[in-house]
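Taking it in order: structure first as structure tokens, then the write-up.
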Ligand code: C5P
Ligand code: MG
């Protein structure tokens, strides 16, 4: 028997000149990048929150407050690895991750494989368990106007050997 848990993550960061565009640990060449205390990797932040959410371990700001100078300009994969470690301490392993980055420009599909590889390595799973999708916002709103980027993620965790039904009485024979 194994317990299955689902977690949801969402994040948004502004785009600004003079910043690198880091998504899933991969830097995509572009005239603008994401603004934030860490490397502002919006995709990795959403996935980190989804991992924490599935294990009910709070959120990214609770574990890595942006008031803490140790996280300044930090590689966000550090946050993701730590979240996976915290979930593992509760007995959870990653089943799969699905995610969407919403960014008007540049086209990101050529970076998909590199991003999946980096994320899979940080998550400690095979690449085929990590999905990354890209969407524009059809020129609408702050994302569509090229002022920000958003990311959404869903993570499924599995806890082996436990579950609310684990100790439940089995079917009774009459
Ligand atoms: O947003 P839209 O539906 O027009 O996106 C069409 C396709 O373009 C997506 O499915 C994705 O493959 C690609 N895309 C991309 N990089 C973006 C946005 C979309 O590669 N920043
Ligand atoms: Mg963030």
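Since every read-out is calculated from the coordinates, none of them should be taken as a lab result. Just so it is clear, the model here is predicted, and its values are computed rather than measured. Every residue, glycine among them, receives a Cβ derived from its backbone with ideal geometry; neighbour counts consider all protein chains shown.
Looking across region 26-40, the residues that are in contact with a strand residue (DSSP E or B) (Cβ under 6 Å, 6 or more places away or on another chain) and assigned to a strand (DSSP E or B) come down to 28, 32, 33, 34.
Screening region 41-139 for helices (runs of 4 or more DSSP H) wholly inside it with 2 or more residues that are within 14 Å of ligand 2 (Cβ to nearest atom) and within 16 Å of the chain's Cα centre (by Cα) returns the ranges 42-54, 60-63, 77-89. Criterion applied to 114, 28, 73, 55 was being more than 16 Å from ligand 1 (Cβ to nearest atom) and surrounded by 15 or more Cβ atoms within 10 Å (Cβ to Cβ), and the one residue passing it is 55. Taken over region 8-25, residues that are within 16 Å of ligand 2 (Cβ to nearest atom) and assigned to a strand (DSSP E or B) amount to 12.
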